Amino acid sequence: MPTKKLSKTKEIIDRIFRDSETAYGLKEFENIDLEEVLKITEEEKNRFYIKDLKSGKLRFVFDALKQNGKPEEIIRQLWLHKLNSFYKYPLDRMDTEKSIHFGREIHAKAVDIIVYKSDKITPYILVEVKAPTESKGIDQLKGYLNSEGSEIGVWSNGIKRVILYRPYPKEFDDTLPDLPSADKTIDDLLEEKKTYFEYTTTKVNLKEVVESMQELVLANAGEGVFAEVFKLIYAKLYDEQEAKISRADNEVYFRKYRDPAKTYSVINDLFKKAMKKWPGTFYEQENIKLSAEHLSIVVGELERTRLFGSDLSIIDEAFEYLIPEVAKGNKGQYFTPRHVIAMAVKILNPKADEYIIDPAAGSGGFLINAMYWVKDKYLRDSEEAMREYAKEYLWGIDFAEEISKTSRALMLIAGDGRSHMFKLNSLDPREWQGEDGELLDARSKLQTRLLDLNSTADNADNKKTFHYMNFDVLLTNPPFAGEIKDQGILRQYFFGKKKGKLVNKVERHILFIERTLDMLRPGGRMAIVLPQGILNNTQAEYIRDYLIDKARILAVVGLHANTFRPHAGVKTSVLFLQKWGEKEKPLRDYPIFMAVSKKGGKDNSGDYVYKKDANGNYVHDAKGRKVLDHDLDEIAEAFVKFAKDQKFSFWK
């Protein structure tokens, strides 16, 4: 009797994928027990084979001496299992590595899996698998679909998948949100009712969805990718809220229908209703500009995503992927790296009863990080408490038309449909005046955060100018680029005058220093990202004198030169201040925490750099994400120790 070979499935899968994050981040198969389904054995010394689920043959997958393997074979076997067990296609309706016919020629490259119709002759589904690190191949699959006359094609690397659909006799490749099971037709799949709690999921990675949408359609659709994606995001948010709260059966309408014209009509109507519910983000007369056919494709990719209740850091990542198109070189706007934000939030330690503002909110990164900090430290990790907190305590302002859409969307998701995000010019409250509904709403809300100046006349004036505000914490990375020459703006600022006379121009970030201090209550604290020259340039001494007079300098952290690459190469620092209290006499001599980051988490090209262990494998956090290689966490920890030694009130 032959000796039964020992299964080495887990060990070999780890070695094939090298990075365990890949092996166990195969989202397509997350409910499948890999060790139970796959059988990998050592058939020759140091050479490992997998048993093919269709034919029973052994297929080579890994050579231990050469340290090379075939991750795509693992993906293929898992798809065979899923097609059979989940979608209920019998194995006798499947083939592997079938040659493709192009006209009279037989293509040397074989399709990885083919599923036939019930006649076992007509191709129905083609599956093209790739290694998890590969992202190309969708065009190749389109060629296969056209040559074989197959209706459905699946491209998958185990982490991401795209399902193409070819409605015969069209050449145009559509998409499907899922595969029909063996007992259903494509029409059944597209027409069956879908409900919020059963159909949508927070496990979909929005960035990957957007990448697929761009590859399939958006890059060639002739419309602004950013604007069109955000219309869909708002339509989706509206549909989710209605499905969850107002529709008795929780049915979702944001989905692909059989007829592209119906898909367009339904989605555009949801977008129009979203504009009415959350005014001020789009112009009232706007419509979705994508054609019905193009919209039908991208909706198929997006419909299963659930935005409410999602991990906002993943949605934020998708927005960061989208933003360069509109932000590059535009008034100095770009995303603040999230590890810089995390350091600033930790140092300032916002509490659950403190009002926070970012007057140059951009995509809302500081506010979202502060929200998660408060949830973790002071709200017992409660999602419900976090939503209530977000509705009341998080405030943001940004003048950038496109970028403010991202922060508004994120804060709508965070606050379950409510937010204090305003599209205004922080530096010029004159522009906040007017009878426009959006401005009336912004003024009425912001007036609740005005500082009481203990004088009826002063309070009345402050109600018009919004000069002095009452926020506890301020976190911001204002735009550096550009000079302000508008005399009406300069007249409102100390830095707009010299020896009693108006100056011709002032750099934008210098006015932001003054504006941010005026937004804080006495005793309030702030973090602001500034060009390094402000802190060490001899010509900027008058700015430093102003700061010392208005606030205690808590800390200065010099950021690495690569921190803002590829968007900007300017050397920056984060300045931490605490405004002097009403009755507090400014100190002239006190310790200041100083630090310089030596590891910025990015290389010279601006690509993120991740930590590796002694064996050269990536290090992962508790959520399975790669850990950035930077030293800002240690700097924040060192500040906390300093703050406790100094007995700062916010770090007792």
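Condition check ((1) of a type outside the set (Gly, Ala, Ser); (2) out of contact with any Phe, Trp or Tyr (no Cβ under 7 Å at 6 or more places or on another chain)) across all residues:
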{"position": "468", "(1), (2)": "yes, yes"}
{"position": "482", "(1), (2)": "no, yes"}
{"position": "498", "(1), (2)": "yes, yes"}
{"position": "512", "(1), (2)": "yes, yes"}
{"position": "527", "(1), (2)": "no, no"}
{"position": "533", "(1), (2)": "no, yes"}
{"position": "542", "(1), (2)": "yes, yes"}
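Conditions (1) surrounded by 16 or more Cβ atoms within 10 Å (Cβ to Cβ); (2) of a type in the set (Gly, Ala, Ser); (3) modelled with pLDDT of 90 or more, marked per residue:
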{"position": "551", "(1), (2), (3)": "yes, yes, yes"}
{"position": "571", "(1), (2), (3)": "no, no, no"}
{"position": "577", "(1), (2), (3)": "yes, no, yes"}
{"position": "602", "(1), (2), (3)": "yes, no, yes"}
{"position": "615", "(1), (2), (3)": "no, no, no"}
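When you check residue 236 against the structure, is it closer than 20 Å to residue 270 by Cα, open to solvent by 10 Å² or more (accessible area, probe 1.4 Å) and modelled with pLDDT of 90 or more, yes or no?
No: the conditions fail for residue 236.
Could you check, for the range 614-624, whether at least one of its residues is touching a helix residue (DSSP H, G or I) at 6+ places or on another chain (Cβ under 6 Å), under 26 Å from residue 377 (Cβ atoms), assigned to a helix (DSSP H, G or I) and not acidic (Asp, Glu)?
no
Of the residues that sit in the range 589-600 and are assigned to a loop (DSSP other than H, G, I, E, B) and without any contact (Cβ under 8 Å) to a residue 40 or more places away in the chain, which one is surrounded by the fewest Cβ atoms within 10 Å (Cβ to Cβ)?
Among those that are assigned to a loop (DSSP other than H, G, I, E, B) and without any contact (Cβ under 8 Å) to a residue 40 or more places away in the chain, it is 589.
Only one residue in 202, 185, 195 is surrounded by fewer than 17 Cβ atoms within 10 Å (Cβ to Cβ), within 19 Å of residue 164 (Cα to Cα) and not acidic (Asp, Glu). Which one?
Matching residue, one of 202, 185, 195: 185.
Hey, can you tell me all the residues within the range 243-264 that are more than 26 Å from residue 402 (Cβ to Cβ), in contact with a helix residue (DSSP H, G or I) (Cβ under 9 Å, 6 or more places away or on another chain), open to solvent by 30 Å² or more (accessible area, probe 1.4 Å) and in a helix (DSSP H, G or I)?
Across the range 243-264, the qualifying residues are 244, 261, 262.
Go through the range 317-356 and give me each residue that's at pLDDT 90 or above, open to solvent by 20 Å² or more (accessible area, probe 1.4 Å) and hydrophobic (A, V, I, L, M, F, W, C).
The answer is 342, 352.
Can you list residue pairs whose Cβ atoms sit under 6 Å apart, with the first residue in the range 267-295 being part of a loop (DSSP other than H, G, I, E, B) and the second being aromatic (Phe, Trp, Tyr) and surrounded by 15 or more Cβ atoms within 10 Å (Cβ to Cβ)? Count only pairs 6 or more apart in sequence or on different chains.
288/271
Just one of (1) open to solvent by less than 30 Å² (accessible area, probe 1.4 Å); (2) at pLDDT below 90; (3) not β-branched (Val, Ile, Thr) trips up residue 31, so point out which.
With respect to (1) open to solvent by less than 30 Å² (accessible area, probe 1.4 Å); (2) at pLDDT below 90; (3) not β-branched (Val, Ile, Thr), residue 31 is out only on (1).
Residues are listed down the side, and each one gets a yes or a no for (1) open to solvent by 40 Å² or more (accessible area, probe 1.4 Å); (2) touching a residue at least 60 places away in the same chain (Cβ under 8 Å); (3) part of a strand (DSSP E or B):
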| residue | (1), (2), (3) |
| --- | --- |
| 36 | yes, no, no |
| 55 | yes, no, no |
| 60 | yes, no, yes |
| 66 | yes, no, no |
| 76 | no, no, no |
| 79 | no, yes, no |
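Among the strands (runs of 3 or more DSSP E) confined wholly to the range 385-488, which include 3 or more residues that are touching a residue at least 12 places away in the same chain (Cβ under 8 Å), open to solvent by less than 10 Å² (accessible area, probe 1.4 Å) and aliphatic (A, V, I, L, M)?
471-476
Please indicate, with yes or no, whether at least one residue in the range 526-534 is open to solvent by 40 Å² or more (accessible area, probe 1.4 Å), closer than 26 Å to residue 599 by Cα and modelled with pLDDT under 90.
Yes, because at least one residue in the range 526-534 is open to solvent by 40 Å² or more (accessible area, probe 1.4 Å), closer than 26 Å to residue 599 by Cα and modelled with pLDDT under 90.
Regarding residue 283, is this residue aromatic (Phe, Trp, Tyr) and either open to solvent by 40 Å² or more (accessible area, probe 1.4 Å) or over 21 Å from the mean Cα position of the chain (by Cα) (or both)?
Spelling it out, residue 283 is indeed aromatic (Phe, Trp, Tyr) and either open to solvent by 40 Å² or more (accessible area, probe 1.4 Å) or over 21 Å from the mean Cα position of the chain (by Cα) (or both).
Taking the options 152, 138, 121, 100, name whichever one is open to solvent by less than 30 Å² (accessible area, probe 1.4 Å) and modelled with pLDDT of 75 or more.
152
Evaluate the following for residue 631: is it of a type outside the set (Val, Ile, Thr) and surrounded by fewer than 17 Cβ atoms within 10 Å (Cβ to Cβ)?
no
Look at the range 558-580 and say how many of its residues are more than 24 Å from residue 521 (Cβ to Cβ) and not in a loop (DSSP other than H, G, I, E, B).
Final tally of qualifying residues: 3.
Table: residues versus (1) aliphatic (A, V, I, L, M); (2) under 23 Å from residue 279 (Cα atoms); (3) modelled with pLDDT under 90; (4) in contact with a Pro (Cβ under 8 Å, 6 or more places away or on another chain).
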site: 202; (1), (2), (3), (4): no, no, yes, no
site: 208; (1), (2), (3), (4): no, no, yes, no
site: 213; (1), (2), (3), (4): yes, no, yes, no
site: 219; (1), (2), (3), (4): yes, no, yes, no
site: 232; (1), (2), (3), (4): yes, yes, no, no
site: 250; (1), (2), (3), (4): no, no, no, no
site: 266; (1), (2), (3), (4): yes, yes, no, no
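Residue 68 fails exactly one of the following numbered conditions: (1) at pLDDT 90 or above; (2) more than 22 Å from residue 113 (Cα to Cα). What is the number of that condition?
The one condition residue 68 does not meet is (1).
Considering only residues of the range 617-628 that are open to solvent by less than 90 Å² (accessible area, probe 1.4 Å) and free of Cβ contacts under 8 Å to residues at least 60 places away in the same chain, which is nearest to residue 556 (Cα to Cα)?
627
Which of the residues spanning the range 551-585 are more than 17 Å from residue 348 (Cβ to Cβ) and in contact with a strand residue (DSSP E or B) (Cβ under 8 Å, 6 or more places away or on another chain)?
558, 560, 561, 562, 563, 564, 565, 570, 571, 572, 582, 584
Does residue 564 fit the bill of being open to solvent by less than 80 Å² (accessible area, probe 1.4 Å), of a type in the set (A, V, I, L, M, F, W, C), more than 24 Å from residue 469 (Cα to Cα) and in contact (Cβ under 8 Å) with a residue 12 or more places away in the chain?
The answer is yes for residue 564.
The values are calculated or read from the model by the stated rules, or taken from the named source; none is laboratory data. Computed from a predicted model, the values in this text were never measured in an experiment. Backbone-built Cβ (ideal geometry, glycine too); neighbour counts: all protein chains shown. Surface areas here come from the heavy atoms of the whole protein model, side chains and all, with no ligands, DNA or RNA. Shrake-Rupley method; radii C 1.70, N 1.55, O 1.52, S 1.80 Å.
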